1. So what's the Cα pair-distance distribution over region 214-291, bin width 10 Å, in %?
2. Obtain the nm distance between the two label points defined at Leu165 and Asp208 by a simple spin-label model: each point lies 7 Å from its Cα along the Cα-to-C-beta direction.
3. Can you give the local net charge around Asp266? Use residues other than it whose beta-carbon is closer than 12 angstrom to its beta-carbon, Lys and Arg +1, Asp and Glu -1.
4. For region 157-299, just run the numbers: alpha carbon Rg, then divide by 2.2 N^0.38 Å, N being how many residues it has.
5. How much length, in nm to one decimal, is gained on full extension between Arg95 and Glu192, taken as 0.36 nm per residue of separation minus their Cα-Cα distance?
6. Kindly provide the chymotrypsin sites (Phe, Trp or Tyr not before Pro) of region 23-118 that DSSP labels as loop, not H, G, I, E or B, and whose Cβ sees at most 12 other Cβ atoms within 10 Å.
7. Specify which residue in the list Leu299, Leu265, Leu253 is farthest towards the positive end of the charge dipole of region 148-299, using unit charges on the beta carbon of Lys, Arg (+1) and Asp, Glu (-1), about the Cα centre.
8. Quick one: P(r) of region 186-251 from all Cα-Cα pairs, 10 Å bins, percents rounded to integers, in order of increasing distance.
Amino acid sequence: MSLFPYSQIYLTKAHRDFAGIQKSSKNAYFVIVGMPYDSTTTYRPGTRFAPISIRDASINIETNSILNNIYLEDVDFFDAGDVDIIGMDVREVLRRITSIAKEANESKKILISLGGEHTVTYGIAKGMKFDSIFVFDAHLDLRDEYPLSIKYGHATVTRRICEELNPPRVTLIGARAFSKEEEEFAKKRELEIIDILRIKENLSECVDLLKRAAEESSRIYISIDMDAIDPSIAPGVSNPEPFGLSMYEFFKLLKPLLTKKVVGLDLVEVCPTYDNGNTSVLAARILLECLTSIWVNRL
Ligand SMILES: [Mn+2]
């Protein structure tokens with residue numbers, strides 16, 4: 001039986017598998033899917049090239065985990081390739097992504113998605129069952145429309161998730177760039193925002209808060225927008241914002257969330273056309289640490 005009996009028609013095998021390792025799809029604990037979409041991008045285009053670029057980077061780094069005492073080849077994952085969505089209408093793109101997320105979720109595989117722009121997260125979240133979503137992002141992505149009249153895009157994604165999917169817990173981590181409209185919506189909806197100043201001034205308090213939030217959750221979804229990390233470290237993103245997370249801060253905040261409760265995780269907004277190569281390598285390293293962390297906590 002194929003992993004994705006229905007959505008197979010929407011997937012194209014990548015020319016390289018993540019980390020150059022391919023295990024059987026049947027036994028895979030994780031399934032990796034590329035989502036090369038960037039048609040709503042308003043500033044620096046090119047995130048459609050991220051899945052290829054991150055896979056290329058992943059075969060050029062060592063497979064040992066920094067956070068866990070294991071190697072990536074000890075983890076059961078399967079790289080299913082990329083969804084066929086480049087340049088398509090956003091509603092069709094989201095429909096395809098949702099069908100894949102739903103199948104992964106129903107077959108009890110943890111879906112690891114490689115963006116693409118942040119918009120893909122809405123499609124994934126719609127196909128998943130979870131009660132808590134944790135979003136690492138410099139931005140709030142809580143605009144109602146952006147640009148005017150555009151409802152489904154990279155700057156409205158968290159707003160659509162809140163309004164249409166209504167998860168009980170929404171936590172935004174690393175925020176430092178937003179409009180008045182977004183701030184008002186966040187207050188009204190009582191979203192938990194762990195902003196950058198709070199992190200810089202009291203990291204351990206923020207880590208404890210996330211630990212508690214993870215304990216109180218039963219099914220966790222994680223979205224990592226690479227622009228949460230400081231652009232001096234991760235320059236290749238579509239909308240860079242100064243004063244971001246260091247790698248130490250990022251991993252300290254992320255680690256307590258990487259439990260057996262995770263149902264899916266995405267890493268979005270890597271933009272190879274504006275990268276010096278470092279951002280894709282960093283993305284590959286982050287994914288390796290996520291896979292190994294969730295794996296060691298699976299029992
Ligand atoms: Mn962002």
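Every number here is computed from the coordinates shown, using simple stated rules; none is lab data. Since we're looking at a predicted model, the values are computed, not measured. Please note: Cβ atoms are built from the backbone with ideal geometry, for glycine as well, and neighbour counts cover all protein chains shown.
1. Bin by bin from 0 Å, the calculated values are 19, 50, 25, 6.
2. 3.1 nm
3. Combined, the nearby Lys, Arg, Asp and Glu give -4.
4. Numbers: Rg = 15.1 Å, N = 143, 2.2 N^0.38 = 14.5 Å.
My calculation over the Cα atoms of region 157-299 gives 1.04.
5. Working: separation 97, 0.36 × 97 = 34.92 nm, distance 2.85 nm.
Length gained between Arg95 and Glu192: 32.1 nm.
6. Details: sites: Tyr29, Phe30, Tyr37, Tyr43, Phe49, Tyr71, Phe77, Phe78; in loops: Tyr29, Tyr37, Tyr43.
Those satisfying the criteria are Tyr43.
7. Sorting the options by dipole projection puts first Leu299.
8. 18, 44, 33, 4
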